[in-house]
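Notes for the one structure printed next.
The values are calculated or read from the model by the stated rules, or taken from the named source; none is laboratory data. Keep in mind that what you see is a predicted model, and the values were worked out from it rather than measured. Glycine also receives a Cβ, built like all others from the backbone with ideal geometry; neighbour counts cover every protein chain displayed. Note: accessible area is taken over every heavy atom of the protein model, side chains too, but ligands, DNA and RNA are not part of it. Shrake-Rupley method; radii C 1.70, N 1.55, O 1.52, S 1.80 Å.
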Amino acid sequence: MTRDAKSPYILISDRETGLPYSKGLMASQVMVTGLSPVRAYQVAEAVEDRLLDLGRPSVTSGELDALALEVLEDLAGERYAKNLVRWHEVEALDIPLVVLIGGTTGVGKSTVATQLAARLGIVRVVASDAVREVMRAMFSRQLMPSLHASSFEAGSVLREPPGRDAAIVGFREQTAAVAVGIHALIDRAAVEGTSIILEGAHIVPGFFELTQWQERILAVPVIFTVEDEDVHRSHFVARWADQAGRPAARYLAGFENIRRIQRYVKSQALAHSVPVIPNYDFDHSIATVIDLVMEKATERAVQVPGPDVAGRAREGSHR
């Protein structure tokens, strides 16, 4: 249906000062379901069309929620409609979301973390390498040499050659040190009630303990992998083309260590029941993490009953 560009605003009557319906705001809310920005905006436009079809100057939040669920299910499917309800449950819990994304070098953690933050409306994204940089400024190379090497090169700076795999021993030593900073960031999120995404090679199951915050945060740890060696290797060539300051030669020289670390981190994830996500398709990876967030939210909502968002939406649809 073609609309006049000067169609009247439709006010949300029970919101502050009667704010008008916004396609941009609705699209951002819909993106939390796992839909791409383009598809989310299409849903927002369809919601506006149906609002205009009602021929009313205003609607309530409950009516808008019901309409959004209806349009989302019609255009994208039941899975996405359920995720929207689940996200409202996350908001109703009123505790911060802490997503921890781990994996060895070159598996796409940073890209996923950045896009996930945009879709979930999280403004804090911290890389474990940033924590390591701060710690390097505090501890000299002589005092803590493993902090002054990349995760896959930490084994080469150990004071004494280990009897076991040097790459893993060095990585474990570095990860144990960085974990102190990771714990501090999680504690800060719990105290402030602020959601955060932590990503990096040092997010390793077994090196951080989340149970002490289980009542104060909604924690979602995941590990990313790239199972195909050739695909994994190609990521460093692509990175070299995009970032002149990070030549591929260094990563390719350490590639075997990187792969050994991936196997170790994956084994830690399996031992601690942390989901492992093969990152072979970006959209699938994002959707998988969002599904995990929604599942965790549903589990927590059952433990701590909150507002019946789905019921409120159904009620709105019958008005």
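Accessible surface area normalised per residue over region 173-284 is 48 Å², counting heavy atoms of protein chains with a 1.4 Å rolling probe. Lys82 exposes around 100 Å² of accessible area when a 1.4 Å probe is run over every protein chain in place. Tell me, what % of the accessible area of region 262-306 is carbon and sulfur with a 1.4 angstrom probe? After summing per-atom areas, the C and S share lands at 56 percent.
Given axes a ≥ b ≥ c from the Cα gyration tensor, I'd like to know whether region 1-138 is rounded (a/c under 1.5), prolate (a/b larger than b/c) or oblate.
Taking the square roots of the gyration eigenvalues as a ≥ b ≥ c, region 1-138 is prolate.
In terms of the Cα gyration tensor, with a ≥ b ≥ c the square roots of its eigenvalues, is region 125-219 rounded because a/c is under 1.5, prolate because a/b exceeds b/c, or oblate? Prolate, since a/c reaches 1.5 and a/b exceeds b/c.
A 1.4 Å probe over all protein chains sorts His232, His284 by accessible area into His284, His232, starting with the largest.
For Leu218, the residues whose amide H sits under 5 Å from its own are Leu97, Val98, ignoring neighbours fewer than 5 places away on the same chain, with H placed 1.01 Å from N. Remark: region 40-141 carries 43 Å² of accessible area per residue (probe radius 1.4 Å; ligands, DNA and RNA excluded).
Taking all protein chains together and a 1.4 Å probe, the residues Trp213, Trp87 rank Trp87, Trp213 from largest to smallest accessible area.
Extending 7 Å from Cα along the Cβ direction at Leu292 and again at Arg79 yields two label points whose distance is 1.6 nm.
For Val289, the accessible surface of its heavy atoms amounts to roughly 0 Å² (probe 1.4 Å, protein chains only, rounded to the nearest 10). With the helix formula -39500 (n - 2.57) applied to DSSP H stretches of n ≥ 4, the chain reaches a computed 222 nm mean residue ellipticity of -18000 deg cm²/dmol.
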